[in-house]
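Contents: one structure, followed by commentary.
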Amino acid sequence: MKVKTILVSQPEPKVENSPYFELQNKLKVKVDFRPFIHVEGVSAKDVRAQKIDLSKFTAIILTSRNAVDHFFRVAEEMRYKVPEDLKYFCQSEAVAFYLQRYVVYRKRKIYVGQKEFTDLAPLIKKYKDEKFLLPNTDQLNADVPQTLDKLGVAWTQGIFYKTVISDLSDLKDVYYDILAFFSPTGIRSLFENFPNFQQNNTRIAVFGTTTQKEALDRGLRVDIMAPTPETPSMTGALEKYIVEANKGK
């Protein structure tokens, strides 16, 4: 079955040189974007109900740009002036770079991991006497609490935002050759919106083993997997599959 259309279950990239646009032009396929899930902020009142007092923490662990946005949003709603000596532990350079929207980088104590949360462990261990706040979502990756508990540091999770399933009812009668997913919640959104979804000839592309597991548990056939040593990105995996599927087009 040849591939002509792809639906990526994420927002459309805002940069012109996105690999998805390159893929579209190179292989002459149509790529659409639609978030299957979205983030909604938790109110300051609800954060307080979690018995979280921002003044009690000396360090913040930030795992994503959402965590950055919603920590400072809640701080503003609480009229809490974020102290200059607060320590920031960022999971990646991308998160640390994003933090500059809210703080003067050179005047803050910022510690940056490589990519995975476990990469932050040596840095956190070095400052094990700090009181850490983890502003995060209601769907926390299991490796985060496991890593922090293993380090034996004082840490508290605060649910500052929630992952919510989007309404996709307008896609009811729309067909795509490939659906690309990046999280287990995206797969769950598919079935919550379309309980009777039948895969038939639709190819399913997944990123990550947890997404793959959710797809398989739901009875889906996974046709495209990323990352792999050969195709570390979703666009790379899609290109490899499409080139093969569209041979002789």
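Summary table below
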{"quantity": "Residues that are among the hydrophobic types (A, V, I, L, M, F, W, C) and touching a helix residue (DSSP H, G or I) at 6+ places or on another chain (Cβ under 7 Å), drawn from segment 148-177", "calculated": "Leu151, Val153, Trp155, Phe160, Ile165, Leu168"}
{"quantity": "Some residue of segment 223-235 being under 13 Å from Leu179 (Cβ atoms) and of a type in the set (S, T, N, Q)", "calculated": "no"}
{"quantity": "Single unsatisfied condition, Glu116 versus (1) surrounded by 13 or more Cβ atoms within 10 Å (Cβ to Cβ); (2) of a type in the set (Asp, Glu); (3) out of contact with any Asp or Glu (no Cβ under 9 Å at 6 or more places or on another chain)", "calculated": "(3)"}
{"quantity": "Residue check, Glu244 of a type outside the set (A, V, I, L, M), in a helix (DSSP H, G or I) and more than 25 Å from Gln24 (Cβ to Cβ)", "calculated": "no"}
{"quantity": "From the options Ser55, Ser43, Ser18, Ser9, residue that is touching a residue at least 12 places away in the same chain (Cβ under 8 Å) and farther than 30 Å from Leu133 by Cα", "calculated": "Ser9"}
{"quantity": "Selected residue (only one of Val103, Val112 is among the hydrophobic types (A, V, I, L, M, F, W, C), at pLDDT below 95 and out of contact with any helix residue (DSSP H, G or I) (no Cβ under 6 Å at 6 or more places or on another chain))", "calculated": "Val103"}
{"quantity": "Matching entry among Leu123, Leu133 (being part of a helix (DSSP H, G or I), more than 17 Å from the chain's Cα centre (by Cα), under 20 Å from Thr58 (Cα atoms) and not basic (Lys, Arg))", "calculated": "Leu123"}
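The values are calculated or read from the model by the stated rules, or taken from the named source; none is laboratory data. As the structure is a computational prediction, the values presented were derived from the model and not from experiment. Neighbour counts run over all protein chains shown; Cβ positions are idealised from the backbone, glycine included.
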